[in-house]
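*Asks:* Mind having a look at this structure? Questions to follow.
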Amino acid sequence: MAARQHGVSLGRHARITPQPPAQHRCHKRLGSPQLSPREREIVQLVAEGKSNKEVASALVITIKTVATYRAHIMAKLDLHSTDDLVRYATRSSSAEYGSGAGGWGLGRGPAQ
């Protein structure tokens, strides 16, 4: 029986080689994901335990916009849960400032 993919006969002994997922444009450009300043703000607020509604209120944007930013951030960073996002923020903060998540990514330097 011939294997078929997308309506094309591949033959009895053909193998389908899985392709890696397409990378976000920032991966191609810099080799690693880079977050915009606004995305870093969102990550910081989420890491502080803020809900989408609280983030939206703080940044004067809609809840839907916050959800979209979070989805894009998680896709860029290949994260699968809010816990992963918080861990990322904590690690990034530690690497940048040498301590916890305070002040990470807002351009104001370490929290005092």
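The values are calculated or read from the model by the stated rules, or taken from the named source; none is laboratory data. Here the structure is a predicted model, which is why all the values come from computation and not from measurement. All Cβ positions, even for glycine, are placed from backbone atoms using ideal geometry, and neighbour counts span all protein chains on display.
*Asks:* Give just the number: which of (1) assigned to a helix (DSSP H, G or I); (2) modelled with pLDDT of 95 or more does C26 not satisfy?
*Replies:* Of everything listed in (1) assigned to a helix (DSSP H, G or I); (2) modelled with pLDDT of 95 or more, C26 misses just condition (2).
*Asks:* Quick one: which residue in S51, S93, S99 is farther than 12 Å from E39 by Cβ and modelled with pLDDT of 90 or more?
*Replies:* S51
*Asks:* What number of residues within segment 47-99 are outside any helix (DSSP H, G or I) and of a type in the set (S, T, Y)?
*Replies:* 4
*Asks:* Could you list all residues from segment 54-82 that are touching a residue at least 12 places away in the same chain (Cβ under 8 Å) and of a type in the set (K, R)?
*Replies:* If the condition is that a residue be touching a residue at least 12 places away in the same chain (Cβ under 8 Å) and of a type in the set (K, R), then R70, K76 are the ones that fit.
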